[in-house]
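Enquirer: The structure follows.
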Amino acid sequence: MPQQNMAALFTPITIKGLEIKNRIIMAPMALSLGFRSDRARAFYLERARGGVGAIVLPGTAVDVLASDEAWGKRGALASFLQGLSSLARDVHDAGAKLGIQLWHGFRFPAGLMGDQGELVAPSPVEKARELKAAEIGIIIGKFAAAAASAKEAGLDFVNIHGAHGYLLHRFFSPLDNRRNDKYGGSVGKRMAFALECVKAVRKAVGEEYPLFWRLSSEEGVVGGITLEQSIKLAKALKKAGVDVIDVSFGRLPRQIMPSKRQPMGTYVSQAEAIRKEVNIPVIAVGRINSPQLAAEIISQNKADFVALGRQLITDPNWVRKAQEGRYDDIVYCDSCNKNCIRFIPEIKKAPASQDLPLCNLNERAGKEWMG
Ligand SMILES: Cc1cc2nc3c(=O)[nH]c(=O)nc-3n(C[C@H](O)[C@H](O)[C@H](O)COP(=O)(O)O)c2cc1C
């Protein structure tokens, strides 16, 4: 591996005044850790100390961050934000940046866990009813309020979850969106929800706050979103105020976490194709498990960041080992999809027990807080 390639992976980058010390981001992963427990803190701090440039906290229902309303009588938003602030301070002390992913699933009103309210979709399907235009406005308001809360809590950026078959994705998907109002009917109209959302978030956080958008470049389903459509979306998102495009793939339960049968760097070519067309930084993800591959992606300008998901559960010290050239000391994730993904509500492969480690190859994962 030429030295200059590896150096590229460790070259700082600045997004809207936010300096990230290297090009390695911990991908958002729902692991049932919460944010405020000793368990969560120890888990994230171990990865921050391991040298990662930025951590993206997992998809979080916008209602959680938007207002006290969703917390009901407990009125616990302020305490939640204090918890996030304190996690952000610790992660900063460990040298990494911290962002959070803003998520909306399938229900309205969604409530704290995103699983209350009625099932909704862009157009009526199975048990879901069509979301009304006025309700879209309410949800956009929640994204904006949630982003403002994240900023107030001291988080360095927000990442809006526009991927994986959740609500924003569904509005862009020709499979789900058969509306003929201003939110559906053409590629442009299918983007309207996303673009209004970005504009509202931008207004809420100001011009200088970094805004990431995660999309699925393709759905992996016949008749679904195409790469060409995603390129159009990425360009429009940039124009609306997005700073970084985070290029993922698939819709639940398909292809999001590529299995061991899929090639390493599974979705890098998709990120590269989008990067060529939008003039803003792009994140690549999907089985980027070796430092050599990560360095090649950055040095060959295929992407500006690599996001590592499961690999950082398996080895929290991946970044440090890569920087020190200790490639053989890395414990490599084998994409077995056994332990970690049981916490994704739409997959629910096994009970979300905290007694089991989060990873087959790392007994310590999720138990860091025990010392
Ligand atoms: C346990 C688990 C939970 C995940 N939760 C989220 C999530 O909350 N939001 C999201 O956008 N992606 C989520 N993902 C997808 C990852 O961010 C990442 O895109 C995917 O795992 C592929 O990267 P990898 O091969 O490096 O693991 C999750 C993945 C796993 C394994």
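Enquirer: With +1 on each Lys and Arg Cβ and -1 on each Asp and Glu Cβ, and nothing else charged, work out how big the dipole of the chain is about its Cα centre, in Debye to the nearest 20.
Expert: Approximately 520 debye in magnitude.
Enquirer: What order do you get for 76-82, 322-328 when each peptide is scored by the mean count of other beta carbon atoms within 10 Å, highest first?
Expert: Listed from highest to lowest mean packing, they are 76-82, 322-328.
Enquirer: Sticking with this one: What's the long-distance tail for the chain, i.e. % of Cα pairs beyond 27 Å?
Expert: Tail of P(r) above 27 Å: 44 percent of Cα pairs.
Enquirer: Divide the volume of the convex hull of the Cα atoms of region 140-197 by its number of residues and quote the answer in cubic angstrom per residue.
Expert: 77 Å³
Enquirer: What full-extension length gain, to one decimal in nm, is calculated for Glu277 and Lys232 as 0.36 nm per residue of separation minus the Cα-Cα distance?
Expert: Once the chain is fully extended between Glu277 and Lys232, it gains 15.3 nm.
Enquirer: Please name which of Leu293, Met191, Gly95 has its Cα lying farthest along the dipole of the chain towards the positive end, using unit charges on Cβ (Lys, Arg +1; Asp, Glu -1) and the Cα centre as origin.
Expert: Met191
Enquirer: Please work out the Cα convex hull volume for region 48-133 and give it in Å³ per residue.
Expert: 113 Å³
Enquirer: Let me know the charge dipole size of region 1-134 about its Cα centre in debye, to the nearest 20, where only the beta-carbon of Lys, Arg (+1) and Asp, Glu (-1) is charged.
Expert: 220 debye
Enquirer: Taking amide H atoms as placed 1.01 Å from N in the peptide plane, list the residues 5 or more away in sequence, or in a different chain, whose amide H sits under 5 Å from that of Thr60.
Expert: Gln101, Leu102, Trp103
Enquirer: Suppose R0 equals 45 Å. What FRET efficiency, 1/(1 + (r/R0)^6) with r the Cβ-Cβ distance, do Asp355 and Lys203 give to the nearest 0.05?
Expert: Efficiency at R0 = 45 Å is approximately 0.50.
Enquirer: Hey, can you grab everything whose amide H is under 5 Å from the amide H of Ile55? Only 5+ residues off in sequence or another chain; H modelled, so Pro and N-termini drop out.
Expert: Counting only residues 5 or more places away or on other chains, the set is Met26, Lys97, Leu98, Gly99.
Enquirer: Could you pull out every whole DSSP H run in the chain that spans at least 30 Å of Cα extent along its own axis and averages 1.0 or higher on the Kyte-Doolittle scale?
Expert: Span-like helices here: none at all.
Enquirer: Now a separate question. Please compute the contact order of the chain in relative form: average sequence separation of alpha-carbon pairs under 8 Å and at least six residues apart, divided by the residue count, as a percent.
Expert: Across the chain, relative contact order equals 17 percent.
Enquirer: At 7 Å along Cα-to-Cβ for each site, give me the label-to-label distance between Ala78 and Lys127 in nm.
Expert: With each label placed 7 Å out from Cα toward Cβ, I get 3.8 nm.
Enquirer: Distance between Cα centroids, region 178-237 to region 65-123: provide it in whole Å.
Expert: 22 Å
Enquirer: So which residue, out of Pro253, Pro58, Pro291, gets the largest mean-square fluctuation from a GNM of the chain using Cα contacts under 10 Å as springs?
Expert: Pro253
Enquirer: Cα-based Rg of region 219-337 per 2.2 N^0.38 Å, rounded to two decimals?
Expert: Against the compact-globule rule of thumb, the ratio is 1.11.
Read-outs throughout are calculated quantities, based only on the coordinates presented, and are distinct from any laboratory measurement. Nothing here was measured: the structure is a model prediction, and the numbers come from that model. No Cβ is skipped: glycine too gets one built from the backbone with ideal geometry, and neighbour counts run over all protein chains shown.
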